[in-house]
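See below for the structure under consideration.
The values are calculated or read from the model by the stated rules, or taken from the named source; none is laboratory data. Computed from a prediction, not measured in an experiment: that's the story for all the values here. Cβ sites come from the backbone with ideal geometry, for glycine too, and all protein chains shown count toward neighbours. Protein only, heavy atoms only, side chains kept; ligands, DNA and RNA dropped before computing areas. Shrake-Rupley method; radii C 1.70, N 1.55, O 1.52, S 1.80 Å.
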Amino acid sequence: RLLNTNVDGKRKVAFAFRMIKGIGVRYAHVCCKKAGVDPQRRAGTLSPEEIERISEVIADPLKFKIPAWFLNRQRDPKTGKTEHLTSNTVDIKLREDLERMKKIRAHRGVRHMLGLRVRGQHT
């Protein structure tokens with residue numbers, strides 16, 4: 001169990017971490033490399049210390065010299081910080097962004113309010 005998500009112990013580490021929302025295969029590989037864990041190992045064979053190291057890298061990637069362009073939340077509109085969101089914080093931030101767009105009456109926000117397509121599809 002990592003970041004409030006059950007991870008499949010039979011899969012290799014990088015592919016098992018994909019089950020955590022906000023973590024893809026490439027980000028999982030980078031986190032394993034920075035934590036010093038072999039990504040080819042099975043997730044069930046990790047020791048608690050290795051899991052702790054990986055969760056530290058996931059929690060604060062900039063401290064471990066993961067480039068800012070690799071993260072999924074760059075220059076947050078509220079705080080201005082660059083960070084990587086995981087698990088339920090992804091949903092929370094998405095909801096906040098939609099509410100902000102609706103409040104300022106941005107085109108995307110209005111389309112979301114009306115339940116219409118947002119990304120330029122023909123209707």
### Message
Below 8 Å between Cα atoms, with a sequence gap of 6+, how large is the relative contact order for the stretch 1-61 in percent?
### Response
35 percent
#### Entry: Accessible area in the full protein assembly, largest first, 1.4 Å probe, for HIS29, HIS122, HIS107, HIS84
HIS122, HIS107, HIS29, HIS84
### Query
Summing Lys, Arg as +1 and Asp, Glu as -1, what charge do residues with Cβ under 12 Å from the Cβ of LYS102 carry, LYS102 excluded?
+3
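Pairs to check: LYS63/LYS93; LYS78/LYS103; LYS78/LYS102; LYS65/LYS93; LYS33/LYS65; LYS12/LYS34. Give those whose C-alpha atoms are more than 19 Å from each other in this structure. Please list the in-between numbers first.
Details: LYS63/LYS93 22 Å; LYS78/LYS103 14 Å; LYS78/LYS102 15 Å; LYS65/LYS93 24 Å; LYS33/LYS65 12 Å; LYS12/LYS34 17 Å.
Those over the limit are LYS63/LYS93; LYS65/LYS93.
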### Query
Sorted by packing (mean other beta-carbon atoms within 10 Å per residue), highest first, where do 30-36, 62-68 land?
30-36, 62-68
### Query
What are the residues whose amide H is under 5 Å from the amide H of ARG73, where those residues sit 5 or more places off or on another chain and H is modelled from the backbone?
GLU83, LEU85
### Task
Taking only protein heavy atoms into account and a 1.4 Å probe, give the accessible area per residue of the chain in Å².
68 Å²
### Per-q log10 I(q)/I(0), the chain, q = 0.10, 0.18, 0.23 Å⁻¹ (Debye; single scatterer per alpha-carbon; no solvent)
-0.40, -0.93, -1.26
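Can you tell me the FRET efficiency between ARG26 and HIS112 if r is taken as the Cβ-Cβ distance and R0 is 22 Å, rounded to the nearest 0.05? Intermediate results must be reported in sequence, preceding the final value.
On the way: r = 29 Å, r/R0 = 1.32.
FRET efficiency, ARG26 to HIS112: 0.15.
Within the chain, what whole-number % of the accessible surface is contributed by carbon and sulfur, with the 1.4 Å probe and all protein chains included in the calculation? Please list the in-between numbers first.
Details: 4320 of 8410 Å².
Summing carbon and sulfur atoms, their accessible area is 51 percent of the total for the chain.
Using helices alone, what [θ] at 222 nm do you get for the chain, with -39,500 (n - 2.57) per DSSP H run of 4 or more residues, divided over all residues and rounded to the nearest 500? Kindly include the intermediate steps, with their values, before the conclusion.
Details: 5 runs with 51 residues, N = 123.
Taking each H run of at least 4 residues, the total per residue is -12500 deg cm²/dmol.
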